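Asker: Attaching a single structure in structure tokens format; questions to follow.
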Amino acid sequence: MAILRGGRRIGPFDIRLGLPRDKSLDNVQADERLGDRTNFTNKESVIGRFISNVAQGEGFARPTRYLVRIFLPNPPVISGAATGSFRAAQEQGIQQEHTINALNGQEMARNTAMMCSNIFMPSRDVNTKSHMVYGPQRQMPYAYSFSGNVQASFYGDKYLRQRAFFESWQKKIFNNVSHNMNYYNDYIGEMDILQLGSADGQADRDRITYGVRLYEVYPQTIGSIEYDYSFSEEIVRVPVTLNFRHWRNLTLDQLGNATIGDSIGKVPEIVPSKDYGAFGGILNNLPPELKRVGRDVVNQVRRSLPIGRVTGGRVFPPFL
């Protein structure tokens with residue numbers, strides 16, 4: 001279409017004149033004058049190699065794309081009365097133990113995990129010691145350790161059920177009447193921290209791209225909540241410090257055949273350890289020196305008892 005057009009008829013002739021529009025920008029990519037300056041995917045350039053490496057990882061991980069899953073220690077079987085809402089349990093005068101069971105259930109654990117507003121991915125350190133034989137000294141690894149705790153905060157609803165959830169979990173650690181401490185295995189749970197991302201060809205956005213599982217988890221500290229009239233637009237957050245012993249990578253360590261790109265529902269559940277039969281849990285919690293002695297005793301019993309010789313090392317419970 002021309003910018004300006006005009007015409008006049010002179011006798012039998014129709015004479016028309018016009019100014020055509022500029023066509024120099026119709027196909028910029030094919031313009032030879034620009035050369036390779038528009039080819040930002042040129043892998044020979046620095047920016048091209050950077051974009052290529054980012055594309056191999058399908059983009060960057062986002063700190064807002066995460067999921068937390070909490071697995072309680074021996075969650076109780078909740079009766080029908082306790083499966084109702086926390087408010088209904090209060091208004092209908094349901095027994096106190098039912099309300100406590102509702103806070104101890106896995107459904108409340110999922111609710112609390114969903115309300116996690118921020119959390120830190122745990123660290124892992126390699127402990128070293130200076131070693132020098134000849135020349136400059138070396139830092140030689142002799143063990144590995146973990147930070148020992150994870151800082152997290154959770155949005156609190158009107159009844160602060162999320163805070164009550166961790167208070168109920170802490171009641172498994174000690175008796176606040178007799179002040180006695182309970183057994184370690186009675187209050188330790190596990191927790192998953194998952195990095196999420198979208199996968200090519202999938203209809204959803206939330207696929208597991210990285211994940212760790214924390215073992216022997218329990219709430220060490222329930223932080224204080226500050227109240228202030230100037231916080232009229234704020235949401236109450238419950239700060240919690242969760243202690244743990246160690247963590248493992250879900251995919252690198254092949255926990256339950258977990259793979260990258262799985263949907264959230266396919267992440268494996270907790271599988272109890274079956275090492276050393278009935279004594280596995282006891283031996284694993286002993287100090288290293290006693291643990292080695294205990295395992296040596298169990299193995300000696302397997303080899304020495306007459307029934308062990310007959311059955312090829314298999315003996316009756318509890319030495320399964």
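Asker: Quick one: which residue in ARG21, ARG65, ARG37, ARG49 is at pLDDT 75 or above and over 30 Å from MET108 (Cα atoms)?
Answerer: Being at pLDDT 75 or above and over 30 Å from MET108 (Cα atoms) holds for just one of ARG21, ARG65, ARG37, ARG49, which is ARG49.
Asker: Another question, if that's okay. Can you name the residue in the range 224-244 that is loosely packed, with under 14 Cβ neighbours inside 10 Å and either in contact (Cβ under 8 Å) with a residue 60 or more places away in the chain or outside the structural domain of CYS116 (by TED's automatic domain parsing) (or both) and is also farthest from TYR183 (Cα to Cα) among such residues?
Answerer: Of everything passing the filter in the range 224-244, ILE235 is farthest from TYR183 (Cα to Cα).
Asker: Give ASP26, ASP14 a once-over and let me know the one that is loosely packed, with under 11 Cβ neighbours inside 10 Å and either part of a loop (DSSP other than H, G, I, E, B) or modelled with pLDDT of 80 or more (or both).
Answerer: Values: ASP14 fails: either part of a loop (DSSP other than H, G, I, E, B) or modelled with pLDDT of 80 or more (or both).
Answer to the check: ASP26.
Asker: Give me a count of the residues in the range 111-132 that are under 20 Å from TRP247 (Cα atoms), in contact (Cβ under 8 Å) with a residue 24 or more places away in the chain and not hydrophobic (A, V, I, L, M, F, W, C).
Answerer: Summing the residues that are under 20 Å from TRP247 (Cα atoms), in contact (Cβ under 8 Å) with a residue 24 or more places away in the chain and not hydrophobic (A, V, I, L, M, F, W, C) in the range 111-132 gives 4.
Asker: Answer yes if at least one residue in the range 189-204 is under 21 Å from GLN106 (Cα atoms), part of a loop (DSSP other than H, G, I, E, B) and touching a helix residue (DSSP H, G or I) at 6+ places or on another chain (Cβ under 9 Å), and no otherwise.
Answerer: Among the residues of the range 189-204, not one is under 21 Å from GLN106 (Cα atoms), part of a loop (DSSP other than H, G, I, E, B) and touching a helix residue (DSSP H, G or I) at 6+ places or on another chain (Cβ under 9 Å), which makes the answer no.
Asker: Can I ask one more? Is at least one residue of the range 112-124 surrounded by fewer than 13 Cβ atoms within 10 Å (Cβ to Cβ) and of a type in the set (Phe, Trp, Tyr)?
Answerer: yes
Asker: Among what's in the range 129-187 and is in a loop (DSSP other than H, G, I, E, B) and aromatic (Phe, Trp, Tyr), pick the residue that is nearest to PRO219 (Cα to Cα).
Answerer: TYR187
The values are calculated or read from the model by the stated rules, or taken from the named source; none is laboratory data. In this text, all values refer to a predicted model and were calculated from it rather than measured experimentally. With ideal geometry, Cβ positions are generated from the backbone for all residues, glycine too; neighbour counts draw on all protein chains shown.
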